[in-house]
1. With the condition kept exactly as written, say whether any residue in segment B:181-193 is of a type in the set (Phe, Trp, Tyr) and either outside the structural domain of B:Ser134 (by TED's automatic domain parsing) or more than 15 Å from the chain's Cα centre (by Cα) (or both).
2. Just to verify a result, which residue in segment B:43-72, among those that are under 13 Å from B:Ile5 (Cα atoms) and free of Cβ contacts under 8 Å to residues at least 24 places away in the same chain, is surrounded by the most Cβ atoms within 10 Å (Cβ to Cβ)?
3. Among the residues of segment B:150-161, what is the count of those that are surrounded by 22 or more Cβ atoms within 10 Å (Cβ to Cβ) and touching a residue at least 40 places away in the same chain (Cβ under 8 Å)?
4. Of all residues in segment B:16-41, how many are part of a loop (DSSP other than H, G, I, E, B) and within 13 Å of chain D (Cβ to nearest Cβ)?
5. Name the single residue that is surrounded by the fewest Cβ atoms within 10 Å (Cβ to Cβ) among those in segment B:221-239 being touching a helix residue (DSSP H, G or I) at 6+ places or on another chain (Cβ under 6 Å) and of a type in the set (Gly, Ala, Ser).
6. With respect to D:Phe130, is the statement that it is in contact (Cβ under 8 Å) with a residue 24 or more places away in the chain, away from every other protein chain (no Cβ under 14 Å), crowded, with 22+ Cβ neighbours inside 10 Å and not aliphatic (A, V, I, L, M) true?
7. Among the residues of segment C:316-333, write down those that are out of contact with any Asp or Glu (no Cβ under 8 Å at 6 or more places or on another chain) and closer than 20 Å to C:Val162 by Cβ.
8. Among (1) without any contact (Cβ under 8 Å) to a residue 24 or more places away in the chain; (2) surrounded by fewer than 21 Cβ atoms within 10 Å (Cβ to Cβ), which single condition is B:Lys325 missing?
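The values are calculated or read from the model by the stated rules, or taken from the named source; none is laboratory data. Keep in mind that this is a model prediction, so the values were computed, not measured. Don't worry about glycine lacking a Cβ; one is built from the backbone with ideal geometry, like all the others, and counts go over all protein chains shown.
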There are 4 protein chains.
Amino acid sequence: MIIVIKPDASEQAIEQLKRNIENQGLIVQDIKGGNARMLGLAGEVASVSPDSLSRMDIVESVLMVREPYKLAGRRFHPRDTIVAVGQAQIGGGHFSVIAGPCSVEGEDQILSIARDIAKSGAEFLRGGAFKPRSSPYAFHGLGLDGLELLKAARQKTGLPIVSEILSTDHLDAFAQDVDVIQIGARNMQNFSLLVEVGKLKKPVLLKRGLSSSLEELLMSAEYLIKGGTEQVILCERGIRTFETATRNTLDLSAIPVLKQKSHLPVIADPSHGTGHWQLVAPLALAAVAAGADGLIIEVHNMPQKALCDGQQSITPEVFHNLMKKINRVREAIK
Amino acid sequence: MIIVIKPDASEQAIEQLKRNIENQGLIVQDIKGGNARMLGLAGEVASVSPDSLSRMDIVESVLMVREPYKLAGRRFHPRDTIVAVGQAQIGGGHFSVIAGPCSVEGEDQILSIARDIAKSGAEFLRGGAFKPRSSPYAFHGLGLDGLELLKAARQKTGLPIVSEILSTDHLDAFAQDVDVIQIGARNMQNFSLLVEVGKLKKPVLLKRGLSSSLEELLMSAEYLIKGGTEQVILCERGIRTFETATRNTLDLSAIPVLKQKSHLPVIADPSHGTGHWQLVAPLALAAVAAGADGLIIEVHNMPQKALCDGQQSITPEVFHNLMKKINRVREAIK
Amino acid sequence: MIIVIKPDASEQAIEQLKRNIENQGLIVQDIKGGNARMLGLAGEVASVSPDSLSRMDIVESVLMVREPYKLAGRRFHPRDTIVAVGQAQIGGGHFSVIAGPCSVEGEDQILSIARDIAKSGAEFLRGGAFKPRSSPYAFHGLGLDGLELLKAARQKTGLPIVSEILSTDHLDAFAQDVDVIQIGARNMQNFSLLVEVGKLKKPVLLKRGLSSSLEELLMSAEYLIKGGTEQVILCERGIRTFETATRNTLDLSAIPVLKQKSHLPVIADPSHGTGHWQLVAPLALAAVAAGADGLIIEVHNMPQKALCDGQQSITPEVFHNLMKKINRVREAIK
Amino acid sequence: MIIVIKPDASEQAIEQLKRNIENQGLIVQDIKGGNARMLGLAGEVASVSPDSLSRMDIVESVLMVREPYKLAGRRFHPRDTIVAVGQAQIGGGHFSVIAGPCSVEGEDQILSIARDIAKSGAEFLRGGAFKPRSSPYAFHGLGLDGLELLKAARQKTGLPIVSEILSTDHLDAFAQDVDVIQIGARNMQNFSLLVEVGKLKKPVLLKRGLSSSLEELLMSAEYLIKGGTEQVILCERGIRTFETATRNTLDLSAIPVLKQKSHLPVIADPSHGTGHWQLVAPLALAAVAAGADGLIIEVHNMPQKALCDGQQSITPEVFHNLMKKINRVREAIK
């Protein structure tokens, strides 16, 4: 951390500030440049609030030298983390596709889709039992009954299940029944949920918030790892921008950036990222080419009758063809 | 809702779609323009998913004619809602300022600030007991002890208290102790929290999410009102944009837009909206001039020692002078 | 400028870099903190490309300590610049309103509007002769004929005229006929235009680009001042964000930020900033309360027949009432 | 175009509006839904200003049914346009890579790079002679001398040249010397430049503006085609968002969206799109996987000494390896 001092600050005030910081156990280096005076801080910098420092009369600005995350960062953990459930693995060179409907709607639906995606090579089944919807009048999922249907589909197909948790009220059910607990974009900074889910020590799929920076995403992963789980999958799912031709703007640069800064596996969600089924295949392939460790894709057997997000779901047939191309692109970039 | 049909759609397919929609109890009007074919839908349109309609082969796009909220909207509720706690009122011509520290740090701190702001004319005391922080290593508030300190300050000053709830675990404590329950920007779409807080039938201060549209803000208010409380205050607190000179971009147009579309009172938060204490006063005055029903402002007796958000807190002295100008601007725009 | 060195950089490579920088005439200070190694640069830092430095193997990042503008900044020019045309003045405590139609449509129109706004207290007449339109099929203004009509209106009312230049082809006409040359949002980074307009040494109204940071706006002002004119008015006119309820998001924080960083006068455009005539008055008043040195407002005698931007134009009657409130708010914040 | 009428509009006023629109030669259809009254417009709708309609007392909103571009759109021009210079072709199944330095710096530099990229399979040489820079103190290119050096490189390598035009002052030089005229992001809505460049009837590379919607990009292409050239290449080069980890956010969804809506070829610029050389390869491959018809990539023989954009330039070696992978990904997605 570097504190840039205002040009008109008195020597006395600067000395006072230096002593204050040193009293917090930090090392301060006084830097006198040609036209700038700065204080460089070393030691347990995370304990100092750059915000409060900025508030001081003699401080012009505070520059951060290092990233604020540790457990999620690659600096002290250079080796790739591999998230594994049974045979399925994501990260460290392993690639997996998670597929399934936006929401579980019934036994036939989820079983039929699960069988189809398994045949095409998906390694995880996704399905929403609890759905976050911007409208209180929309379909909010089958709840615990939805989890039961997912379990039945897991039993018949062997696919581990991924489902989104919305509330700490359902921690026990998710701990028991779900293989990978999803934290959705709207809850990426629901810190009480992060703390509790971290304690379960189960794999977590953490989606980037609609307006969250990559640094904030990694800080939310830091909450989970600090809580107790190192099995965190990061997911780019589109950010909110001015462009309205797509539902969100899928930020594929996030994939190589996150893999550079963090040891955690990174996947992409081209379904929510675009909001249009015709765009899912090209963006899925693009994410693979950018180096993603996996994908999460909405597949529905009758998208035009889906109770949610039908517009962005692809059919099992389209998914089957896409999987073939995904494998070819993976080969191509090796 | 208007469904724009693709130019190459067959008459048979269009007829099929019309029948399907009519079977859901809606009225369909067939519109044949010069170069466009459309279906106009009337009736309980909220039950139809525009998303799934868009997914159909013959559908080019779906246009929304009316807003999706009802309880929060002005269309069926033209009269301004007034949120009242004791003598303090917000909305319907009543204006109130909520002030206090980012977080409650100790008895002396909160009492001293509460007395100062009361003297200057604030009508509510704000103070964070549970703090959402992007870093797990930052100060997260005093928790339930913080609520106790707020209660003590309320008893001594008579100011009703506003505090943020982060988790359904604390519903009972907030129901009992807090006068206005704040739902923060990061929880604006934490729908499980909205549902539970709505049931408490207490006044709620709902902050706009960092990347939430005004329509989404009103849909979150819809959750609260549907749950049982009509005492909802909307709060513009800045959105996330590309500009980095300020912490967020305070969107003051939101004030007249929300007041046009909704009967709920609208306030602004110039502290979080700007992130710099020097910008608080000009933006507070601007919000008042734009027609805000109130303000929420961070005031700290020693901002340079604040445990959080010191950079954006003003001192009691600055607050005192600001309150005088606020009153003058209110007079000026009458 | 501070260069943060990668932890694994060799001492030899660091020494090489230091010598290279010193060879460019700069002073380098070697900073060794607890867990960070940095080089502090002093001297004519503007000549060094932070971009190319970042590209070096041993460089982790480059932090900027000072702002990149000089002529437009307050650091070396603390006194407010006042832009003056005849009696009308903007900046340094002087406040003026610029008003008129989006585009000049005919003699009766411009004269009628000019007389009305003069009566209400506007001090400049705006009117577009050349209109930038996103569609090649839209009305693009009357061109040089439009300038003639503006001149006639100036002669009859005494109001100096403000009009937008779109091309260096019209430099002579604007130099001769227009009092304040407007550079529109879409041309804020049309650097060839900036260079040529700067040479005219006439007052310039420089609008912020739709996605331009405040620093970039000041850099464009730097072009103009370096070219030869110090009479530059900065104009906040809304930025592009995800919100669609308004045409743009008027960033009123820009006003106090710009006035802090620069000596140039700052005005706001609530017409383009909101895109809806009902929002013009509240946002105009808000801009004044935030400390604006002036406003630019679209006024049209028959907005529903306007050839462009009718939706955001107010009538002379609404303008008249607004001007009264503007004066009252100016008094209130003194 | 659909006009939604306010619920309280009088029948008389609606009739008046209908007659007014019919008098402009359009067909009006009166649509009476359950809770909405609308007017559907057919005919030469482009001549009507939705803006001015919205301004009317009885109008609630105006909905657009069809896209506003014609010449650039696929609706009336279903076949892919192929842009061709000599042997090199882009679009309609043809793929080309444009490579070269940000700016031409000298004869040895440009020749060396041109030879290297030609060997690796690039089909066009890019190089900036006139550089738009946010700072007036930065390097602005060699100007006409730069064009001469590009011509020399073309002669020696056979590669057609792509260079950016900044001003109508250089139309003659570009018409004579440059094979593909680039219009940069900051000039995408410099309409006077678009009009003049269109008249040259030469291939144009049109970059998306930093905050331009895809519709606006297509409208700017419409200007060029209307002016006289159908040889327009669209280029996605990143948009401005809140994320600061990358210089811009490369919006790869733009590729399939543009190709769906338009017959023009679409390429991507991973250099400006990311701003970091390590991100160029993954994003280049991603763009190819998303269906791009080509790429434009910054290559510099000594990036750490480049006079501009060194941070985002890759070396000829990295480029060589990237080209191999690009070809493999192209095969993979066939």
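1. Going residue by residue through segment B:181-193, those that are of a type in the set (Phe, Trp, Tyr) are B:191.
Now narrow it down to the ones that are either outside the structural domain of B:Ser134 (by TED's automatic domain parsing) or more than 15 Å from the chain's Cα centre (by Cα) (or both): none.
No, because not a single residue in segment B:181-193 is of a type in the set (Phe, Trp, Tyr) and either outside the structural domain of B:Ser134 (by TED's automatic domain parsing) or more than 15 Å from the chain's Cα centre (by Cα) (or both).
2. Looking only at segment B:43-72, we keep the residues that are under 13 Å from B:Ile5 (Cα atoms), and these are B:53-63.
Remaining after also requiring free of Cβ contacts under 8 Å to residues at least 24 places away in the same chain: B:54-55.
Details: B:Ser54: 20, B:Arg55: 23.
Step by step, filter segment B:43-72, then rank; the result is B:Arg55.
3. First, pick out the residues of segment B:150-161 that are surrounded by 22 or more Cβ atoms within 10 Å (Cβ to Cβ): B:150, B:153, B:159, B:161.
Subsequent filtering for residues that are touching a residue at least 40 places away in the same chain (Cβ under 8 Å) retains B:150, B:153, B:159.
Count: 3.
4. Step one: filter segment B:16-41 for residues part of a loop (DSSP other than H, G, I, E, B), giving B:24-26, B:33-36.
Narrowing the set further to residues that are within 13 Å of chain D (Cβ to nearest Cβ) leaves B:25-26, B:33-36.
Residues that pass the stated criteria total 6.
5. Restricting attention to segment B:221-239, the residues satisfying the condition of being touching a helix residue (DSSP H, G or I) at 6+ places or on another chain (Cβ under 6 Å) are B:223-224, B:227-229, B:232, B:234, B:236-238.
Filter once more, so that each one left must be of a type in the set (Gly, Ala, Ser): B:227-228, B:238.
Working: B:Gly227: 17, B:Gly228: 13, B:Gly238: 26.
If we take residues in segment B:221-239 being touching a helix residue (DSSP H, G or I) at 6+ places or on another chain (Cβ under 6 Å) and of a type in the set (Gly, Ala, Ser), then B:Gly228 is surrounded by the fewest Cβ atoms within 10 Å (Cβ to Cβ).
6. In short, no.
7. Listed by number, the residues that qualify are C:Leu322, C:Met323, C:Ile326.
8. With respect to (1) without any contact (Cβ under 8 Å) to a residue 24 or more places away in the chain; (2) surrounded by fewer than 21 Cβ atoms within 10 Å (Cβ to Cβ), B:Lys325 is out only on (1).
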